[in-house]
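**Q** One structure follows; several queries about it will come next.
The values are calculated or read from the model by the stated rules, or taken from the named source; none is laboratory data. These numbers were taken from a predicted model, which means no experiment stands behind them. Using ideal geometry, Cβ is built from the backbone for each residue, glycine included, and neighbour counts are taken over all protein chains shown.
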Amino acid sequence: MSEPVHVIRKLEKALADDDFAWSLLLVGEDQTDKLATLTGDLRGPYSTTGDGKQIASGFSYWGIGPTIAWANATNDPFYLVMKAGAESFLRHWRQIRPHVDHGGFHFVSLGVGTGVKDRTILADLHRYNPDMFYIPVDMSSEMLRLGQVEPVRGAGFPMSQVLPVQLDFSLGDNMTELGQMLAKLIGDEPILYGLTGNTLANFESDLEQLQTITRVLRPQDRLLLEVASTDALNEQTAKEAAEEYHQTRAFAEFVTSALRYNTDLRIDNEHLDFRGEIEDDDALLVKIVWQNNSPDPIVMGLPDHTDVVLERGDTILLYTTRKFSTERLKKLTSECELTPVKHVRSRFRHTRRPSPFGLDLLLLAPGSAPDAVSTLADAIWK
């Protein structure tokens, strides 16, 4: 008797020539748990500084409403930071590419976004490894469906070699499970992990998040890390960093969308506050908060049909981002025992006067990798 054909193989053949917009998805979490987490975070204590109630990083993109709002924001011509980021990535990737072209890498994208940068990476990696897998990972299944359109339909990457994974990769246990699953899927073949779009800056602790990702890296793996950077750390640049995100209404619609779709709070942009500050003397921290600046308390209904009273001055942290100095990047990679194989930096070009802001793209190797030697790191950070 012949062996039965596995359902995945049959499904792959069934969808191969189907024009309908099917997409496969490996779900790694119970979505009711995520809703309970979001609800609990919105019950945080009173705070005027954004340190109480919050929308944690991944929840800003969680659900169809925030996904659409993010797509609209990225296409807004007034969102100059996003436009400059897309342009600089192409220049930076051309310098990174020679270090991964012939490595036979599979690609795991952590936080898929719109998929535009993934398309660029996949087009090059697939040329040298036609059998590679593309594994986009995101907490939002809607973002995964949106993000794979560019690489798969736009660049023609084979759908049969794509495995979208719904998973909150900010959690250590989840990253461990992901690493174990990938090891079974591809064996000892190398993986290029991508954390682009300044995603690292969105987490409460950038160090803890980078350590969480680093723990799954094997000696043959690499991490592609893109961050926003700054050459100056002072009150003026902190204010300018906050103003970058205050320039476009589409971005304001995005950062408030998680509240709009998960509570009954009436959203008014006059309640938004964009706050910039210096963090630990080596980074600029931007907090975007909703604040009750009315004279009276406001009652907010939560997904579990309970209410929270927002007293006068109370805040909800909607979004966190950073701009990193070279010293901060050096400290992060050192504490995570990561060695830069290649580091590319450029300043923003859309301003009338020289800007201290820009984007950095780093190709990082775990400390145990054969070419991860201290002399290379010293030369790059010098």
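**Q** Which of the residues spanning segment 115-132 are over 17 Å from N198 (Cβ atoms) and part of a helix (DSSP H, G or I)?
**A** The answer is R119, L122, A123, D124, L125, H126, R127, Y128.
**Q** Here is a follow-up. Under 21 Å from the mean Cα position of the chain (by Cα) and more than 22 Å from R97 (Cβ to Cβ) - does that describe any residue in segment 220-227?
**A** no
**Q** Given the options S257, S229, S205, name the one that is buried (at least 21 other Cβ atoms within 10 Å of the Cβ) and either closer than 26 Å to K53 by Cα or of a type in the set (A, V, I, L, M) (or both).
**A** Just a single option satisfies the conditions, and that option is S257.
**Q** From the residues in segment 281-307 that are touching a Gly at 6+ places or on another chain (Cβ under 8 Å), of a type in the set (A, V, I, L, M) and farther than 16 Å from E270 by Cα, which one is surrounded by the most Cβ atoms within 10 Å (Cβ to Cβ)?
**A** Across segment 281-307, the extreme among qualifying residues is L284.
**Q** Any idea which of V112, V152 is in a loop (DSSP other than H, G, I, E, B) and surrounded by 22 or more Cβ atoms within 10 Å (Cβ to Cβ)?
**A** Matching residue, one of V112, V152: V112.
**Q** Select from segment 34-51 the residues that are touching a Gly at 6+ places or on another chain (Cβ under 7 Å) and surrounded by fewer than 16 Cβ atoms within 10 Å (Cβ to Cβ) and write down the one among them that is nearest to T320 (Cα to Cα).
**A** Among those residues, the one meeting the criterion is T48.
**Q** Pairs only if they're at least six apart or on different chains, beta carbon under 9 angstrom, first in segment 209-223 and touching a residue at least 40 places away in the same chain (Cβ under 8 Å), second charged (D, E, K, R) and part of a helix (DSSP H, G or I); list them, first residue then second.
**A** Partner pairs satisfying both residue conditions: L210/E335; Q211/E335.
**Q** Also: Collect the residues in segment 78-101 that are under 25 Å from E142 (Cα atoms) and either modelled with pLDDT of 85 or more or touching a helix residue (DSSP H, G or I) at 6+ places or on another chain (Cβ under 7 Å) (or both), keeping them in residue-number order.
**A** Y79, V81, M82, A86, F89, listed by residue number.
Every residue, every condition in (1) within 28 Å of A228 (Cα to Cα); (2) among the β-branched types (V, I, T), yes or no:
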{"position": "D30", "(1), (2)": "no, no"}
{"position": "G40", "(1), (2)": "no, no"}
{"position": "G44", "(1), (2)": "no, no"}
{"position": "I68", "(1), (2)": "yes, yes"}
{"position": "D76", "(1), (2)": "yes, no"}
{"position": "Y79", "(1), (2)": "yes, no"}
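**Q** Would you tally the residues in segment 143-185 being among the small types (G, A, S), modelled with pLDDT under 90 and in contact with a helix residue (DSSP H, G or I) (Cβ under 6 Å, 6 or more places away or on another chain)?
**A** Qualifying residue count for the region: 3.
**Q** Being at negative phi and part of a loop (DSSP other than H, G, I, E, B) narrows it down to one residue among H92, H102; which is it?
**A** Selected residue: H102, the only one of H92, H102 that is at negative phi and part of a loop (DSSP other than H, G, I, E, B).
**Q** Those residues that are more than 17 Å from the chain's Cα centre (by Cα) and among the acidic types (D, E), I need them from segment 151-193; list them, please.
**A** Selection gives D173, E177, D188, E189.
**Q** Same structure again: Just to verify a result, which residue in segment 132-153, among those that are out of contact with any Phe, Trp or Tyr (no Cβ under 9 Å at 6 or more places or on another chain) and aliphatic (A, V, I, L, M), is farthest from S109 (Cα to Cα)?
**A** Within segment 132-153, the match that is farthest from S109 (Cα to Cα) is V149.
**Q** I'm trying to understand the selection: among the residues of segment 52-99, which are surrounded by 20 or more Cβ atoms within 10 Å (Cβ to Cβ), farther than 29 Å from L364 by Cβ and among the small types (G, A, S)?
**A** G63, A69
**Q** List the residue pairs whose Cβ atoms are under 6 Å apart, where the first residue sits in segment 108-136 and is modelled with pLDDT of 95 or more, the second is part of a loop (DSSP other than H, G, I, E, B) and among the basic types (K, R), and the two are 6 or more positions apart or on different chains.
**A** Listed pairs, sorted by first residue: none to list.
**Q** Output the residue which, of all residues in segment 186-198 that are at pLDDT 95 or above and outside any loop (DSSP other than H, G, I, E, B), is farthest from A56 (Cα to Cα).
**A** I191
**Q** While we're here: Taking segment 255-282, which residues are free of Cβ contacts under 8 Å to residues at least 60 places away in the same chain and among the hydrophobic types (A, V, I, L, M, F, W, C)?
**A** L265, I267, L272, F274, I278 - these are the residues of segment 255-282 that are free of Cβ contacts under 8 Å to residues at least 60 places away in the same chain and among the hydrophobic types (A, V, I, L, M, F, W, C).
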